[in-house]
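Below is one structure; the comments refer to it alone.
The values are calculated or read from the model by the stated rules, or taken from the named source; none is laboratory data. Quantities reported herein were computed from a predicted structural model and do not represent experimental measurements. Glycine also receives a Cβ, built like all others from the backbone with ideal geometry; neighbour counts cover every protein chain displayed.
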Amino acid sequence: MDNDILNKVWNENKSSHTIPEPSSIIAKANQQRRKQNIGLIVMGITVLILIAYATLYLPNSFNSFSLGLTLMVASMLVRIIIEMYSKLKKASKLASMDAKTYKLYLKRYYKWRMKINYILTPVCFAVYCYGLYLLFPYFKNEFSNGFYLYLIASAVISLIVVGAIIINQIIKETRFLKLLQQ
């Protein structure tokens, strides 16, 4: 994004004494974009791994193993699509609005994100967990007891970490929405 455009947009709102410098806004926007990109890359790699695993090991007939993999891939794809749409939707509006209009837009945007965060994200997470749960009986039959226990432990730890990251992001977005509403 060009500095001149941000300077023009933010200088239009001179009534507020707390207008941050355009360079700090750009830095924060770039940092947020990097985090979003990292999240999308991690989800994309996870989907690719699941698809590769499914391609190699899916049985010829549909069973709970294939259902589990399908649920995991579908929930991740839904999240990727929503995050990409959300990212593009927000970025496309910045240059075309003045500061006051953009603040109103951000309020609507983060209210929409709250619906995503409190409805769709838990559903996707639960579907992913259920899909993973469906795989464990097959893992128990295919792998040694020690490796099976390792898979369970690593899955639980990974899900807790991912859940904590999701909750942290929801808290940040909720705080930002409250800040916008002041």
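From the list 111, 87, 115, exactly one residue is under 20 Å from residue 44 (Cβ atoms) and either part of a helix (DSSP H, G or I) or without any contact (Cβ under 8 Å) to a residue 40 or more places away in the chain (or both). Which is it?
Details: 111 fails: under 20 Å from residue 44 (Cβ atoms); 115 fails: under 20 Å from residue 44 (Cβ atoms).
It is 87.
Quick one: which of 58, 132, 77, 120 is touching a helix residue (DSSP H, G or I) at 6+ places or on another chain (Cβ under 9 Å) and either on the phi > 0 side of the Ramachandran plot or in contact (Cβ under 8 Å) with a residue 60 or more places away in the chain (or both)?
Numbers: 58 fails: either on the phi > 0 side of the Ramachandran plot or in contact (Cβ under 8 Å) with a residue 60 or more places away in the chain (or both); 77 fails: either on the phi > 0 side of the Ramachandran plot or in contact (Cβ under 8 Å) with a residue 60 or more places away in the chain (or both); 120 fails: either on the phi > 0 side of the Ramachandran plot or in contact (Cβ under 8 Å) with a residue 60 or more places away in the chain (or both).
So the residue among 58, 132, 77, 120 that is touching a helix residue (DSSP H, G or I) at 6+ places or on another chain (Cβ under 9 Å) and either on the phi > 0 side of the Ramachandran plot or in contact (Cβ under 8 Å) with a residue 60 or more places away in the chain (or both) is 132.
Just give me the residues in segment 149-160 being farther than 30 Å from residue 113 by Cα, out of contact with any helix residue (DSSP H, G or I) (no Cβ under 9 Å at 6 or more places or on another chain) and surrounded by 11 or more Cβ atoms within 10 Å (Cβ to Cβ), in sequence order.
Within segment 149-160, 149, 150 meet the criteria.
Quick one: which of 25, 49 is of a type in the set (A, V, I, L, M, F, W, C) and modelled with pLDDT of 85 or more?
Values: 25 fails: modelled with pLDDT of 85 or more.
Unique residue meeting the criteria: 49.
Which one is surrounded by the most Cβ atoms within 10 Å (Cβ to Cβ), of the residues in segment 52-92 that are at pLDDT below 90, more than 20 Å from residue 139 (Cα to Cα) and among the hydroxyl-bearing types (Ser, Thr, Tyr)?
86
Looking at (1) farther than 17 Å from residue 34 by Cα; (2) part of a helix (DSSP H, G or I); (3) modelled with pLDDT under 85, find the lone condition where residue 96 falls short.
(2)
Just to check your reading of the model, which residue among 131, 146, 163 is crowded, with 16+ Cβ neighbours inside 10 Å, at pLDDT 90 or above, of a type in the set (Gly, Ala, Ser) and closer than 26 Å to residue 68 by Cβ? It would help to see each step written out before you state the result.
Values: 146 fails: crowded, with 16+ Cβ neighbours inside 10 Å; 163 fails: crowded, with 16+ Cβ neighbours inside 10 Å.
When all the criteria are applied, what remains is 131.
Please tell me if residue 122 is part of a helix (DSSP H, G or I), over 15 Å from the mean Cα position of the chain (by Cα) and surrounded by fewer than 14 Cβ atoms within 10 Å (Cβ to Cβ). Working first, answer last.
Numbers: part of a helix (DSSP H, G or I): yes; over 15 Å from the mean Cα position of the chain (by Cα): no; surrounded by fewer than 14 Cβ atoms within 10 Å (Cβ to Cβ): yes.
No, not satisfied.
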